[in-house]
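Beneath this line is the structure, given in structure tokens, with notes to follow.
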Amino acid sequence: MPFIAAHPQASIDRFDALVDDVRTEFGSDGLMANVERFITAERPEFIWDGRFQEHYLGEWMGEDDSAEGLYCILILSHFRSEFIVASCVVDGDERLHSMTRQRAYATRDAAEKAFQNAACR
């Protein structure tokens, strides 16, 4: 049975913390270029970590045997001042394996509406 879970602790945008961490590690020279490199490499993980709602969609039906034990979850997330609805493939321990789709919205209301519409399909 599908369910929707809330993650209120994750509803804070982690972008500012990322910028601070990169500044601490690499300094201010080329700061935003370094931040962009991290985002390019890790964007799905940032979106996953910023989720504040999720909806279990069911078992992932992959094309090979390695997909056994994976699940598809729809999430509503907040990262970099955007609200994002994404479908994710996770394992039983909720470790992200892939993000199959994502769409950003300018407002929380628009993202919540899209999330609810997708969750009710």
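Any read-out appearing in this document is the output of simple, stated calculations on the displayed coordinates, not a laboratory observation. Owing to the predicted nature of the structure, the values given are computational and were not obtained by experimental measurement. Glycine also receives a Cβ, built like all others from the backbone with ideal geometry; neighbour counts cover every protein chain displayed.
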**Fill in**
Put in order of increasing Cβ neighbours within 10 Å, starting from the fewest, 39, 75 give 39, 75
**Request:** Express in % the proportion of alpha carbon pairs of the stretch 17-72 at distances exceeding 17 Å.
**Result:** 58
**Complete:** Between residue 20 and residue 121, the FRET efficiency computed from the C-beta separation at R0 = 25 Å comes out, to the nearest 0.05, as 0.05
**Prompt:** Taking the Cα atoms of the chain alone, what are Rg (to one decimal) and Dmax (as a whole number) in Å?
**Reply:** 15.6, 51
